[in-house]
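Q: I am attaching a structure below and will ask some questions about it afterwards.
The values are calculated or read from the model by the stated rules, or taken from the named source; none is laboratory data. Quick caveat: nothing in here was measured; it's all calculated off a predicted structure. Don't worry about glycine lacking a Cβ; one is built from the backbone with ideal geometry, like all the others, and counts go over all protein chains shown.
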Amino acid sequence: MLLLIWNEWTRIMLLINKHGAPNSLISNVKRLRAGEKTNSGSRQVQYRNLDPDVKHDIDAALIIEQGGLCAYCMSRISSETMHIEHYHAQHAGADDDDELSVRYDNMLAVCSGGEGNPRPQQTCDKHRGNEPLTVDPRREDHIRSITYKSDGTISSLNSDINKDLNVTLNLNMRQLKNDRAAALDTLKKQLLSHGSKKFIDMCRYYAQRYESQQKKTEYVGILLDYLHRKLQRQ
């Protein structure tokens, strides 16, 4: 797995490098496509028609690919709590949207987004609905445009991406900001507990530790950013 998180002040979202689709998905789609040829106009190639075992394989592959973090807010997800997000929404109704719904490179794993809460407290795909997005966690240039403050506020110099972060995905919801700030505060306390003389060595240790994780630490972006900034100043 290659999951890049940049060393500048630009890590509020994961840069996701998509892998190949699970073999079970490829086989299932072939069967559905064959069924369409037999029954013209049946539109069987849709995500909802995939076998349950295939959907499980997709979930597992996405969890590994993203290090166990939500593609948007970087909170912890698991196979029990995650949802499949189709970056290009699957409910627009056109044949092309049916095809996109079963394309693995269009799938992301996301958190529950505060499902069941009032809309102002929802985030990620739950707040997004089927609104189109500009920001794309699969694109390096988009990830590099994103910045944040020490209190967890997310922003981008790109006005369209900034709108996505603040409005469409609601990633500046108070609880998310607090969670990111709390994660950073915990790291700072861990570093200080080793004493000032070992501060830089411990920054290096934690940076290497976070970067090598297959199961990523929750909100790891803000942690790595802080560590690399300290290391660059030594």
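Q: Suppose the filter is more than 28 Å from residue 60 (Cα to Cα), touching a strand residue (DSSP E or B) at 6+ places or on another chain (Cβ under 7 Å), modelled with pLDDT of 95 or more and surrounded by 12 or more Cβ atoms within 10 Å (Cβ to Cβ); does residue 162 pass it? Give the derivation first.
A: On the way: more than 28 Å from residue 60 (Cα to Cα): yes; touching a strand residue (DSSP E or B) at 6+ places or on another chain (Cβ under 7 Å): yes; modelled with pLDDT of 95 or more: yes; surrounded by 12 or more Cβ atoms within 10 Å (Cβ to Cβ): yes.
Criteria met by residue 162.
Q: Scanning the range 42-75 for residues that are basic (Lys, Arg) and in a helix (DSSP H, G or I), which turns out nearest to the chain's Cα centre (by Cα)? Spell out how you get there, then give the answer.
A: Of the range 42-75, the ones basic (Lys, Arg) are 43, 48, 55.
After this cut, where a residue has to be in a helix (DSSP H, G or I) as well, the list is 48, 55.
On the way: 48: 22, 55: 18 Å.
Here the residue is 55.
Q: With the requirement that a residue be farther than 16 Å from residue 163 by Cβ, in contact (Cβ under 8 Å) with a residue 24 or more places away in the chain and part of a loop (DSSP other than H, G, I, E, B), what does the range 116-129 give you?
A: Hit for the range 116-129 is 122, nothing else.
Q: Condition (residue is in contact (Cβ under 8 Å) with a residue 12 or more places away in the chain, on the phi < 0 side of the Ramachandran plot and over 19 Å from the mean Cα position of the chain (by Cα)) applied to the range 135-153: is it met by at least one residue?
A: yes
Q: How many of the residues making up the range 108-147 are of a type in the set (Lys, Arg), surrounded by 15 or more Cβ atoms within 10 Å (Cβ to Cβ) and either at pLDDT below 95 or touching an Asp or Glu at 6+ places or on another chain (Cβ under 7 Å) (or both)? Give the steps one after another, and end with the answer.
A: So the first thing to find is which residues in the range 108-147 are of a type in the set (Lys, Arg), and the list is 119, 126, 128, 138-139, 144.
Checking which are surrounded by 15 or more Cβ atoms within 10 Å (Cβ to Cβ) leaves us with 126, 128, 138, 144.
Remaining after also requiring either at pLDDT below 95 or touching an Asp or Glu at 6+ places or on another chain (Cβ under 7 Å) (or both): 126, 138, 144.
Counting residues in the range 108-147 that are of a type in the set (Lys, Arg), surrounded by 15 or more Cβ atoms within 10 Å (Cβ to Cβ) and either at pLDDT below 95 or touching an Asp or Glu at 6+ places or on another chain (Cβ under 7 Å) (or both) gives 3.
Q: Could you please let me know if residue 150 is crowded, with 22+ Cβ neighbours inside 10 Å and of a type in the set (S, T, N, Q)? First the steps, then the outcome.
A: Values: crowded, with 22+ Cβ neighbours inside 10 Å: no; of a type in the set (S, T, N, Q): yes.
No; evaluated as a whole, the condition is false for this residue.
Q: In the set 89, 61, which member is surrounded by 17 or more Cβ atoms within 10 Å (Cβ to Cβ), touching a His at 6+ places or on another chain (Cβ under 8 Å) and among the aliphatic types (A, V, I, L, M)? Reasoning before the result, please.
A: On the way: 89 fails: touching a His at 6+ places or on another chain (Cβ under 8 Å).
Of 89, 61, the one residue that is surrounded by 17 or more Cβ atoms within 10 Å (Cβ to Cβ), touching a His at 6+ places or on another chain (Cβ under 8 Å) and among the aliphatic types (A, V, I, L, M) is 61.
Q: From the set of residues in the range 1-41 that are assigned to a strand (DSSP E or B) and modelled with pLDDT under 85, which is farthest from residue 53 (Cα to Cα)?
A: If we take residues in the range 1-41 being assigned to a strand (DSSP E or B) and modelled with pLDDT under 85, then 4 is farthest from residue 53 (Cα to Cα).
Q: Moving on. If I ask for residues that are closer than 22 Å to residue 120 by Cβ and assigned to a helix (DSSP H, G or I), which ones from the range 141-158 would you list?
A: none
Q: On to the next question. What do you reckon, is residue 105 assigned to a helix (DSSP H, G or I), at pLDDT below 95 and either more than 23 Å from residue 225 (Cβ to Cβ) or charged (D, E, K, R) (or both)? It would help to see each step written out before you state the result.
A: Details: assigned to a helix (DSSP H, G or I): yes; at pLDDT below 95: no; either more than 23 Å from residue 225 (Cβ to Cβ) or charged (D, E, K, R) (or both): yes.
Spelling it out, it is not the case that residue 105 is assigned to a helix (DSSP H, G or I), at pLDDT below 95 and either more than 23 Å from residue 225 (Cβ to Cβ) or charged (D, E, K, R) (or both).
Q: Across the range 169-193, what is the total count of residues that are in a helix (DSSP H, G or I), surrounded by 21 or more Cβ atoms within 10 Å (Cβ to Cβ) and of a type outside the set (A, V, I, L, M, F, W, C)?
A: 1
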